[in-house]
Amino acid sequence: MTPWSLLVYGTFLLGGAAVYLLLPRTDRSTRTAGAILGIGALAAAMAICGRYFLDAGGLNAVFILSATVAIASAVMVITQVKPVYSALYFILLILAMVPLLLIQNAEFLAIALIIVYAGAILVTYMFVIMLSQQNAESVYDRRAREPFTAVFAGFFTMAIIAGQLAQLPAPRILQGTLVSSAAASPIQTEPEADNTEAIGETLLAQYLIGFELAGVLLLVAMIGAIALSRKRLPVVAHAIPAKPPGQIGREVPPY
Amino acid sequence: MLELLKDQFTFSVILALVIVGILNGAVAYCIYFERKISAWLQDRVGPNRVGPLGLLQPLADGGKFVLKEDIIPANVDKPLFLFAPFMALVLGFIGFAILPWGGSVDLDGDGVVDVIAQVADPGIGILYLLGIGGLAVYGVVLGGWANNNKYAYFAAMRATAQMLSYEIPMGLCILIVVLTAGQIRLEEIVLAQVGNGNIWNICLHPVAFIILLTTVFAETNRTPFDLAEAEQELIGGYHTEYGALKFGMFFLGEYAHMITGSGMVIVLFLGGWHLPWIPGLQPEDVSIGAMLLKMSVFGAKIAVFLFFFMWVRWTLPRFRFDQLMRLSWKGLMPISLALMCYTSVLVYAGKATSLAWCLGGELGVVFIVLAINAMRTAPITGRQRNMPAITVHKPAGAP
Amino acid sequence: MIEEKDIIIVDEPDLSTTEKLYLPQVVQGLRTTFKHLFKKNITVQYPEVKREQRVENYRGVHRLNRDEKDRVACVACFMCQTACPANCIHIVAGESPWEDREKYPVQFDLDELRCIYCGMCEEACPVDAIELTPEYDIVGRSREEMVFDKEKLLAVFERTKDVKPRKNPRITGYAGTGDREQSSGNTEGEG
């Protein structure tokens, strides 16, 4: 147990405690304590990231800002009482992840994230949430069901992964992921082709069959969903001939 | 000064400031022209009291928006209620960043292109506009939901369903152009149209142009697709509870959205800043004067489109909601899908820029659609036959 | 309650193939409105230009008429107040200082905001004292201001008597009977 891994594991312990306190409960509110702990955990997490930046020769303000916003809004998604706010924080989370992708020159992934998640999926979520409940929150929204188990499972897994990653020497993580400037990391080179173009080449030339199969699978799933959800109504009106033009109404036998 | 401008970043910032400044004024005057054109189409005069020809009317309107009492109703979801108009306005304006206003520019006349007259030219190109369009619905949805008003809430529902449905044919039509040009950046799409013997994409794909135009109407919530603010059924729709400057922001956002939408259609199908055979508007003209000329041509094209938007608004009645859905899912989407498949076959065969092949295909697709429609018994509008049947009695004296 | 047998369900017309495309109809509509773009405007620039009075018996603001001797023609008989469906007329009667009538209105208030301009008061008046004029553009800054009193109603008469002269002569039969003549004379003496 080096001080370094203690810091990493301690951050996750702090974060877990913060989320546990922030989760909605009916009997007493521990939100203020949770928020203070959460800010501490975020600061610790950024300090951990900062070590890699200092190794690489400079802090990246965009990364720090969007990572903080992303983590904070991810916590807000699960701790909000109102489902609509949860969905909105999810959108904020996605918008905060866009700069993270952009500083890695992954423009296409960034905009695809916006179009697919924020533009389509979350709109559908909002649609459903707005339909289901408008003002009164239900019991299962006001109280987290198994706060300790859930927080423990999530943060324990994350801590193990992060702890293992933290053992790796810093430059291996740096390669093309955290820092975008070419000067900071000698390994990284300017991308030759456009990122969008490169992804297109990869998907549609190198992995064409897999890509098309995935598309067909989704199409089949969509048609299957339509077929399953469709209400089968007896088609009665077909048997009745329409009246000649000029006559009002079409006589249809009782259904 | 000129040396400073030769940096693309500085140039972009200045261009952004100028364009947003001009377009803010343009958006305000859009409202004036909306009123004027509605008046002219109805044999009236329109606003003519404030200033000569009523030209100061936008200032008076703006003053009124600012000075009116800013009411926040009880029981609204306050943060979202305040946030929604900003969302609508900002998402209306940030689309301007990507429109190619004036092509490449050589600032000092040494024959080397220094900057491009576009605020940003990301590699994702046109996808940026799609992303913005996807986000734009949140202004309406949040506004409608936060209001705590049943009518506004219905409007939010309608807007969501409508925008989701019309984004699909829109994306397919954009793909047709991207396939034809083989490019995804807007400036390159314009250049591809010029390089193709001055044949704009509208000549190659007139049907796709009409479909894209229709979806732009739907995405901007304009008549005949303005179900989200249907006055007769929903009072004012999502902005029922909004007043003063917040309502003004929704209003401006709608017009900003229209400008972005028509800019997109112009770049994709009408050659952007280009006019054939006119010197000064060709890709090789890169002087500052040529840039200004190109900008004004682009602006004039947008103005024509805005007139068309308003002309349509004061001509066509609103669609019914089921008609709206049916038009998108059963009409526009199959047609645009078929066109896209056909275009990709053409690209594969190397005929994507041939006028005869493209037009032939478009005609063929329209013909097939007509044939399928003619064979089908169920009407496009009206009750579908598999809906629950209704007992019909006729009174004795009925014809 | 509508009987079920009275309901006729009218199917929408089946559209023809070209109609299903919507476009021909859209173009037709656009052509129609485009033609109107160049038509002559029919707007009347209201405060500067006023439209001609189109009906003679337009029912606008009320007026209280004066008779030939410049007296209030009203005899405070309360007929209009009784007839008024909107209850907007309020009269306080006093003894008349003139010998040809018993009473005259000390106070005559007419709430122009409550009035529905039906003309029943005009119909009811036995001496044609109250009349509706062609004047329609009345404004005020408060509700109280829009309650017209006797002076205001008489002022309306002064404004409009050239446009719409008092048509019917005063009904004279009332003062013709001897008894009444005497009694009216008495009241004058007392006043």
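Mind checking the alpha-carbon convex hull of region B:207-265 and giving the volume per residue in Å³?
62 Å³
I need the helices of chain B that pass two filters: whole DSSP H segments spanning 27 Å or more by Cα along the axis, and mean Kyte-Doolittle score no lower than 1.0.
B:8-41, B:126-146, B:150-181, B:244-269, B:288-313, B:355-375
Exceeding 23 Å between C-alpha atoms, which entries from my cross-link table qualify? They are B:LYS150/C:LYS20; B:LYS64/C:LYS39; B:LYS36/C:LYS35.
Beyond 23 Å between Cα atoms: B:LYS150/C:LYS20; B:LYS64/C:LYS39.
Report the full-extension gain for the segment B:LYS68 to B:LEU359: residue separation times 0.36 nm, less the Cα-Cα distance, to one decimal in nm.
The span from B:LYS68 to B:LEU359 would gain 99.4 nm if fully extended.
From the Cα trace of chain B, what convex hull volume per residue do you get, rounded to a whole Å³?
Details: hull volume 80.3 nm³, N = 399.
Hull volume normalised by residue count: 201 Å³.
Given H placed on each backbone N at 1.01 Å, which residues far from C:GLY60 in sequence or on other chains put an amide H within less than 5 Å of it?
Residues meeting the amide H criterion: C:THR133, C:GLU135.
Can you compute 3J(HN,Hα) from phi for each residue in region A:36-51, using the Karplus curve 6.51 cos²θ - 1.76 cosθ + 1.60 with θ = phi - 60°, rounded to whole Hz and x for Gly and Pro?
After applying 6.51 cos²θ - 1.76 cosθ + 1.60, I find 5, 4, x, 4, x, 5, 4, 4, 5, 4, 5, 5, 4, 4, x, 4 Hz.
Please state the Cα pair-distance histogram of region B:221-330 with 10 angstrom bins from zero: what percent is in each bin?
12, 31, 29, 17, 10, 1
Taking 7 Å along the Cα-to-C-beta vector as the label spot, tell me the A:MET222-C:GLU48 distance in nanometres, rounded to one decimal.
6.0 nm
To the nearest 0.05, what FRET efficiency results for B:ASN198 and A:SER229 with a Förster distance of 45 Å applied to their C-beta separation?
0.35
Counting partner chain Cβ atoms within 10 Å of every residue's Cβ in B:69-79, what's the average?
Average neighbour count from other chains, rounded to a whole number: 1.
Fewest Cβ neighbours within 10 Å first, please rank A:ARG142, B:ARG318 accordingly.
Values: A:ARG142 13, B:ARG318 17.
With the fewest neighbours first, A:ARG142, B:ARG318 line up as A:ARG142, B:ARG318.
When Lys and Arg each count +1 and Asp and Glu each count -1, what net charge do the other residues less than 12 Å away from A:LEU203, Cβ to Cβ, add up to?
Computed value for this residue: -3.
Using a cut-off of 11 Å between beta-carbons, work out the net charge of the residues near B:GLU3 (Lys and Arg +1, Asp and Glu -1, B:GLU3 not included).
In short, -2.
Which residue, chosen from A:SER29, A:LEU92, A:VAL8, occupies the Cα position most advanced towards the positive end of the dipole of region A:3-168, where the dipole is computed from +1 (Lys, Arg) and -1 (Asp, Glu) charges on Cβ about the Cα centre?
The listed residue farthest towards the positive side: A:SER29.
Nothing charged except the Cβ atoms of Lys and Arg (+1) and of Asp and Glu (-1): what's the magnitude of the dipole of region A:3-168 about its Cα centre? Round to the nearest 20 debye.
In debye, rounded to 20, region A:3-168 gives about 380.
Using each residue's phi in region B:223-239, evaluate 6.51 cos²θ - 1.76 cosθ + 1.60 at θ = phi - 60° and report the 3J(HN,Hα) Karplus result to the nearest Hz, with x for Gly and Pro.
Once θ is set to phi - 60°, the couplings for region B:223-239 become 3, x, 10, 8, 5, 6, 10, 4, 4, 5, 9, 10, 6, x, x, 5, 9 Hz.
Using 7 Å Cα-to-Cβ label points, what is the A:ALA61/C:VAL55 separation (nm, one decimal)?
Label-label distance for A:ALA61 and C:VAL55, simple model: 7.4 nm.
Evaluate the charge dipole of chain B about its Cα centre and quote only its size in Debye, nearest 20, assuming +1 on the Cβ of each Lys and Arg and -1 on the Cβ of each Asp and Glu.
1840 debye
Below 14 angstrom from the Cβ of C:ILE42, what's the summed charge of the other residues (Lys, Arg +1; Asp, Glu -1)?
+3
Please list, in chain and number order, the residues 5+ apart from C:ARG66 or on another chain whose amide H is under 5 Å from its amide H, with Hs placed from the backbone.
The answer is C:ALA73.
Each value in this text was obtained by applying a stated rule to the coordinates, not by laboratory testing. Model, not experiment: these values are computed from the prediction. Every residue, glycine among them, receives a Cβ derived from its backbone with ideal geometry; neighbour counts consider all protein chains shown.
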